[in-house]
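Let me begin by presenting the structure, written as structure tokens, before commenting on it.
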Amino acid sequence: MQVRFWGTWGSSAPFQTSLEFGCHTTCVEVRGDRGDPVFIDLGTGIAPAADAALAAGVRQFTVFLTHLHLDHVCGSCACAPLFRQDCLTTVYSEHVGTLAALRQVLSPPLFPVYYDGFGARARLEELPECGEMRLEACGLTVTWRQAAHPQGVTTLRFDDGTNAFVFATDIELRLRAENEAFERLLREPYPASLAAIDGFFSDDRGDYHKNWGHSTWLEALAVATRNQVRQVVVTHHNPHSTDNDLRGFERASPGARWARDGQSWSIANGHAQEA
Ligand SMILES: [Zn+2]
């Protein structure tokens, strides 16, 4: 299994002091041992991610949406497959109002024209609140569970039978009772080889906001440890963090990595290795 981060920032793109970590909001590419890639979220990272996939000949795009907040859907206006007649895009979402939200992003006054498909084929597949789906074409099983975030968020586990990648952006880990299903996702049926977890806040800066739906990076590391995750990656960076801040957090956390746009992982025999 391969995992590549295309967008790792939360809320908005960062400032010029943070470009070592990239410049895009959330988008991750997951590949099984065959077939087309699967994408998570339509943050601005979907633009370079989709361009790279198109250049490699991909014409069928599969996207799982974690939720509908702007930083996770704003890249749809620069997602080339949504505007190409030779592409089919399937968006999976469990969130009520997904179609309306995407239409809103792609219509005035937020967008110059009303999106009518422009000849491209795009469809929405509505998911139940939690479930499991086999993506036969790429050899992956996707399991999803709700977690604590205003208006809800979907956490995702991609599994090939030996290796598992869990993605948990925009989660307020402090609300333990609401995140029990997510914690099980990290460790069952076996501990995740790789887990990318929201670490938006830093305790020492006094920036924690209760009920904003995010966690400190220390909480991200703690939830990974108590669920036996083999490799943790902290993501959804605060745009007020500089390169120096993020490097400092990473240096203080031996074994953990902070996600960067373009960072790639290979997962085999249960172990994740940075490619
Ligand atoms: Zn977000």
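Since every read-out is calculated from the coordinates, none of them should be taken as a lab result. In this text the structure is predicted, and so the values were computed from the model without any measurement. Note that we place each Cβ from the backbone using ideal geometry, even for glycine, and neighbour counts take in every protein chain shown.
For region 237-258, name all the residues that are under 24 Å from residue 188 (Cα atoms) and in a loop (DSSP other than H, G, I, E, B).
Across region 237-258, the qualifying residues are 255, 256.
Can you name every residue in region 39-70 that is at positive phi and more than 12 Å from the ligand (Cβ to nearest atom)?
57
Checking the condition out of contact with any strand residue (DSSP E or B) (no Cβ under 8 Å at 6 or more places or on another chain) and within 16 Å of the ligand (Cβ to nearest atom), which residue from 148, 196, 177, 137 passes?
Just one listed residue meets the conditions, 148.
Residues that are more than 25 Å from residue 160 (Cβ to Cβ): which strands (runs of 3 or more DSSP E) entirely in region 25-134 hold 2 or more of them?
121-126
List every residue pair whose Cβ atoms lie under 7 Å apart, where the two residues are 6 or more positions apart in sequence or sit on different chains, the first residue falls within region 173-200 and is closer than 26 Å to residue 245 by Cβ and in contact (Cβ under 8 Å) with a residue 40 or more places away in the chain, and the second residue, located anywhere, is of a type in the set (Phe, Trp, Tyr) and away from the ligand (no atom under 16 Å from the Cβ).
Close Cβ pairs satisfying both conditions: 194/165; 194/265.
Considering only region 188-211, how many residues are surrounded by fewer than 16 Cβ atoms within 10 Å (Cβ to Cβ) and not in a loop (DSSP other than H, G, I, E, B)?
Residues flagged as surrounded by fewer than 16 Cβ atoms within 10 Å (Cβ to Cβ) and not in a loop (DSSP other than H, G, I, E, B) within region 188-211 amount to 3.
Does residue 29 count as among the charged types (D, E, K, R) and in contact with a Pro (Cβ under 8 Å, 6 or more places away or on another chain)?
Judged against the criteria, residue 29 is a match.
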